[in-house]
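I have placed the structure first, in the form of structure tokens, so that the comments after it can refer back to it.
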Amino acid sequence: MGSSEVVGYTPGVPARYPYCMLRSNRTHLLTLLAVTALAFALRLAWLPDANIWWDEGLAVWAARQSPLEIARWTSADVHPPLYFWLLHGWRLLVGDSEFAVRFLSVGLGTLTVAALWSLGRALLPRSRWIPLVAALLVATSRFLVWWSQEARMYMLGGLLATLSLYFTVRLRWRPTRAALVGYLLTTIAALWTLYLLAFLLVVQGLYWLWTLRHYENWQERGRALLRWAALQITVLLAFAPWLLYALPRMRSWSVQTAFDPRLYLELYATLLALGTSTNIEQVRLPVLLVVALVVFAFASRLLPRPSRAPQRDGLLLLLLALAIPPLTVWAVTMLPRDFGYLPKPEARYLLPFAPAFALLLAWSVGQFKMQNAKCKTNSVIQTGMVVGLVALSLWSLGDYYAGRYRQDDYSSIAATLRAHHQPGDGIVLHTDDPWPVFAYHWPGEWVGTPHLQQADAGGADYFLAPLWQAHDALWLVVNEDALRADPQRHFEAWLSERALAQHEWRFGPRRLLLFARTPERAESLLALAPGFRPSAPPLLVSDRLALVGWEQPLRRLRAGDVAHIAATVDRQGAGGALELWLDGLPETRTQALIPYGVGPVRLTFSIPIPPNAEGGSHPIRARLGSQEAPVGTVQLIAAASAAPSLANASPQHPLEATWGAPPLIQLLGYDLDTSQPNEVRLTLYWRVLDTPPLSYKVFTHLVNAEGRVAAQRDDLPLGGTRPTTTWTPGEVITDSYTITVGPEAPPGTYTLAIGFYDAATGTRLAPVLDESGTPQPNDQLRLGSVTVGRE
């Protein structure tokens with residue numbers, strides 16, 4: 001085997017640093033077990049407390065197909081099929097709730113901790129603590145926790161990439177049949193998971209070529225090179241069938257966008273160090289400290305003694321693993337735009353080799369050894385650094401968990417459809433922009449209106465007429481994007497003109513409308529669907545009425561939210577009322593009338609949570625006739641406080657106006673910044689006069705001389721963190737917006753207009769009165785003129 005026996009990693013060689021920190025194998029394994037348990041706990045925390053987003057919904061939709069259909073679909077999509085096949089089998093076992101579909105990634109992320117420890121032991125066998133520290137850093141990494149809680153394939157790619165690197169090192173220094181089989185299986189599986197993991201072969205190939213120098217003669221080097229070439233040919237042959245199948249079917253489209261390489265590198269460093277991809281300018285200092293740690297370690301140990309050659313080989317592998325991914329992503333953007341799928345740079349593409357950074361960081365900590373110092377001193381310094389790095393990760397995780405908050409997107413809508421949808425009904429999603437999210441909640445049949453087309457009366461007739469004739473009734477699911485594509489509500493008007501009966505449910509910014517076409521369906525408009533079985537609450541019986549069903553999509557709410565609840569009451573020739581309220585919050589009391597009759601009836605409740613409600617667990621109590629009992633629980637999160645306070649509010653441009661009758665919101669003034677040529681930065685100062693009953697969006701428009709909107713920014717106040725339903729009287733809300741002016745808006749002078757509108761219907765909050773009490777036209781307030789330039 002030549003000099004590889006000399007340079008190889010021989011067990012039993014005393015560690016050069018810090019050997020005094022080594023412990024028994026039992027202690028070592030128990031520590032690894034504790035780190036792995038910590039990783040599992042962090043990945044499991046608040047797992048279902050985030051909405052299924054577009055990509056996750058798409059993954060679940062694909063996993064609901066047959067394995068053959070998954071292969072057909074992925075051949076024309078952006079990823080190979082392995083993860084979707086795994087998710088398909090997984091959901092057959094455990095279902096497809098938010099918790100269930102994400103738990104697969106939790107397991108993969110936890111296994112990655114053990115895989116990285118194994119890689120560390122293979123690269124640095126004379127150090128037990130560095131692989132353990134690396135495992136701890138992976139366990140607490142926000143970047144890896146984040147994607148371990150997503151129903152996507154990136155954590156599978158990270159696990160397979162780490163294992164493939166491990167088996168590469170094993171094959172180089174301790175070749176066995178198990179290592180050979182392990183390498184082939186993990187590398188082939190990696191290619192069947194993510195196309196971008198093809199750069200694994202580049203990383204491993206460069207590492208293999210570099211280590212050939214340890215052989216004593218060219219003959220041994222040639223044999224080693226041939227062995228590696230045979231492995232790569234085997235991997236490529238195993239992946240070739242998929243390529244032959246997919247390439248003719250793969251669509252060619254591009255969503256590339258121009259990006260700043262410097263900014264991209266800063267994003268990469270921030271993700272590796274802190275795991276966040278937003279507001280990276282606010283965390284530059286801690287990121288620079290982490291990067292400085294690695295740079296200093298290399299500066300002090302970059303030219304080690306010859307006996308440290310194996311360590312240099314391992315460091316080269318880690319550096320290649322960290323350098324090749326961003327270079328690959330950059331190279332992909334240089335390809336012709338008609339070559340396959342060309343994505344824009346995304347943070348998640350850098351995930352598979354993020355564990356390698358943790359190992360590099362742990363090695364860097366190991367280099368901080370005071371010359372001629374006692375081992376105790378070394379241990380204190382290095383332990384302090386490890387504690388600091390873990391504390392930094394946990395600090396970042398605290399912000400991550402605080403942002404995990406699930407809202408009622410389509411949960412209540414899907415529950416209503418399951419309760420009332422009849423076999424002859426059709427469903428229209430208006431528009432189809434968020435279709436994977438809707439499809440996750442409603443796996444049944446539906447059609448979507450095209451979100452890329454602006455609706456008009458003719459388009460509504462063309463789309464709806466055949467559907468109307470083919471069904472007894474049509475359900476229209478109206479989401480926020482419908483306000484953009486159909487601001488005049490042509491689809492609703494078309495159906496309303498023809499329906500014999502109709503009904504509407506509202507769930508936050510989304511609405512569900514039912515239009516009956518036939519007399520029979522009109523008579524049974526709100527009849528329960530065949531086989532409908534809601535979950536049962538504690539039985540509450542009174543005066544021939546019984547509470548037999550309970551649907552509560554969300555049990556964790558924020559003060560200022562609205563709790564949407566449905567209750568099913570069985571009637572034995574009786575009527576009455578069902579009353580619900582949150583214990584300790586009498587202002588939440590609401591009731592629904594129970595019509596006289598026989599059989600079950602489903603009642604819906606929308607319970608507004610006071611914005612000043614205290615956090616904690618609140619029982620939901622119900623009163624049916626003369627009987628009262630707790631039937632559910634709500635876990636409340638206290639609303640964030642407004643900032644700054646009134647004492648600190650001093651707008652550059654004082655201006656008073658009010659919205660609503662009686663007035664709900666008062667404008668105190670605004671700040672304006674037009675220093676950037678393509679941006680208008682606006683800060684609004686709102687005083688709350690009374691809590692608005694609805695969650696209103698703020699619109700900020702740049703209006704041209706013809707009265708058309710040239711640029712705009714619409715959003716919930718404070719980026720969605722302080723919806724108007726959480727505003728309390730007396731507060732002053734400081735609310736900032738950045739209006740980006742696109743190339744379609746020529747340089748010139750524009751009028752800046754602001755206002756509020758209902759996110760569900762588009763109806764503006766009115767009247768708008770200026771400081772003299774004069775109503776403003778179009779229910780908006782014009783702040784003045786703004787000059788927009790160009791770079």
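The values are calculated or read from the model by the stated rules, or taken from the named source; none is laboratory data. Just so you know, these numbers come straight off a predicted model, no measurement behind them. With ideal geometry, Cβ positions are generated from the backbone for all residues, glycine too; neighbour counts draw on all protein chains shown. Heads up: the accessible areas ignore ligands, DNA and RNA and are worked out on the full protein's heavy atoms, side chains in. Shrake-Rupley method; radii C 1.70, N 1.55, O 1.52, S 1.80 Å.
Tabulated values for the structure
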| item | result |
| --- | --- |
| Computed log₁₀ I(q)/I(0) - Debye formula, equal Cα scatterers, no solvent, the range 27-79, q 0.14, 0.27 Å⁻¹ | -0.63, -0.99 |
| Equivalent ellipsoid semi-axes - Cα gyration tensor, the range 64-110, angstrom | 20, 12, 8 |
| Electrostatic dipole magnitude of the chain [Cβ: Lys, Arg +1; Asp, Glu -1; Cα centre; debye, to 20] | 4680 debye |
| Gyration tensor over alpha-carbon atoms, the range 395-458, equivalent ellipsoid semi-axes in Å | 30, 19, 9 |
| Where only alpha carbons of the range 499-643 are counted, the Rg and the Dmax (Å) | 16.7, 56 |
| Two-decimal ratio, the range 140-224, of alpha-carbon radius of gyration to 2.2 N^0.38 Å | 1.28 |
| Whole-number D in µm²/s for the chain (Stokes-Einstein; Kirkwood sum over Cα pairs; 20 °C, 1.002 mPa s) | 71 µm²/s |
| Accessible area of ARG782 in the full protein assembly, 1.4 Å probe (Å², nearest 10) | 130 Å² |
| Cα-based convex hull volume of the range 480-533 per residue, rounded to whole Å³ | 96 Å³ |
| Nearest 10 degrees, 0 to 90: helix 218-246 Cα axis against the chain principal axis | 20 degrees |
| 0 to 90° range, to nearest 10: angle between helix 129-140 axis and the chain longest Cα axis | 10 degrees |
| Rh by Kirkwood over Cα pairs, then Stokes-Einstein D for the range 162-208 at 1.002 mPa s and 20 °C, µm²/s | 203 µm²/s |
| For ARG170, net neighbour charge (Lys/Arg +1, Asp/Glu -1) across residues whose Cβ lies under 12 Å away | +4 |
| At 0.890 mPa s and 25 °C, Stokes D of the range 359-505 from Kirkwood alpha-carbon radius, µm² per second | 123 µm²/s |
| By average C-beta atoms within 10 angstrom, highest first, the peptides 532-538, 629-635 | 629-635, 532-538 |
| Which of GLN776, VAL703, THR725, positive extreme of dipole for the range 638-791 (C-beta unit charges) | THR725 |
| log₁₀ of I(q)/I(0) at q = 0.17 Å⁻¹ - the range 653-745, Debye sum with one point per alpha carbon | -0.78 |
| Signed unit charges on C-beta, dipole axis of the chain, positive-most listed residue LEU194, ALA657, LEU684 | LEU194 |
| Heavy-atom accessible area ranking, 1.4 Å probe, most first, across THR278, THR724, THR604 | THR278, THR604, THR724 |
| The range 37-170 pair-distance distribution - Cα-Cα, 10 Å bins, rounded % | 13, 39, 31, 15, 3 |
| Computed over the range 72-138, Cα set: Rg, Dmax in Å | 16.7, 48 |
| Charge sum, other residues only, whose C-beta stays under 14 Å from ASN612's C-beta, Lys/Arg counted +1 and Asp/Glu -1 | -3 |
| Along each principal axis, Cα extent of the range 454-583, largest first, Å | 52, 40, 23 |
